[in-house]
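Below you'll find the structure, written out as structure tokens, and then a few comments.
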Amino acid sequence: VVMAGAGLSTPSGIPDFRSPGSGLYSNLQQYNIPYPEAIFELSYFFQNPKPFFRLAKELYPGNYRPNYAHYFLRLLFDKGLLLRLYTQNIDGLERVAGIPPDKVVEAHGTFASATCTVCRRSYSGEDFRGDVMTDKIPKCPVCTGVVKPDIIFFGEELPHRFFLHLTDFPMADLLFIVGTSLEVEPFASLAGAVHGSVPRVLINRDLVGPFAVQSQHN
């Protein structure tokens, strides 16, 4: 099993969220929002969806290419070694790298699909690429409600597929943790969901989560 965060995609040119100075949250002034987290808050989205869609234009699938780390994970799949990839990323580069959607759990959502905020009809994310790229707010062709990509905002329920971890992690015989701060719950707690005898490999800039605790005790 693999757990991946924003550090997986930074070599592709996509900023992470929390790095001081270079992170997304440090550079959101351009979107004219009252505070950084507002861009992922439903209440603010319903009041003013424009900042989110400006960000979506930057991150929309097709703007960036997978890097070697994505293709390493694809190689694990090709060799029959990947049980599941749990990613915090919303850029969809795992799919672009050729990892099948059924092998990926996009814990924080995806641009691959979208839902009308009024009538709840589901759409392909590609249906609204033209609107997003031309700075138009995507509207439902049936009820004219705003169509929101299926990105998980603060306070929204996680995707149903996230709960595959209840069966995946007890089956794992190796856990890779790649490019994540392990600060966001409940994703972070998955690092402790494998059996105690299972090796855990951290590929990261900093020691995080249980690895940081271990280093303090050594």
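Data overview
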{"item": "Shape category assigned to the stretch 31-109 from the gyration tensor of Cα positions, a/c cut at 1.5", "result": "prolate"}
{"item": "Cα-based shape type of the chain, given that a ≥ b ≥ c are square roots of the gyration tensor eigenvalues and the cut on a/c is 1.5", "result": "prolate"}
{"item": "Cβ charges +1 (Lys, Arg) and -1 (Asp, Glu), total dipole of the stretch 143-218, debye", "result": "140 debye"}
{"item": "Modelled FRET efficiency - R0 30 Å, D102 with E185, Cβ distances, 0.05 increments", "result": "0.75"}
{"item": "Share, in percent, of DSSP beta bridges within the stretch 2-211 that are antiparallel, nearest 5", "result": "40 percent"}
{"item": "Mean Cα-pair separation over length for the chain, i.e. relative contact order, pairs under 8 Å, 6 or more apart, %", "result": "22 percent"}
{"item": "Trypsin sites (Lys or Arg not before Pro) restricted to the stretch 111-217 and DSSP loop, no more than 13 other C-beta within 10 Å", "result": "R120, K136, R205"}
{"item": "Pairwise FRET efficiency - R161 versus M133, Cβ, R0 = 25 Å, nearest 0.05", "result": "0.35"}
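Since every read-out is calculated from the coordinates, none of them should be taken as a lab result. Here the structure is a predicted model, which means the values were calculated and not measured. Cβ coordinates were reconstructed from backbone atoms using ideal geometry, including for glycine residues, and neighbour counts include every protein chain displayed.
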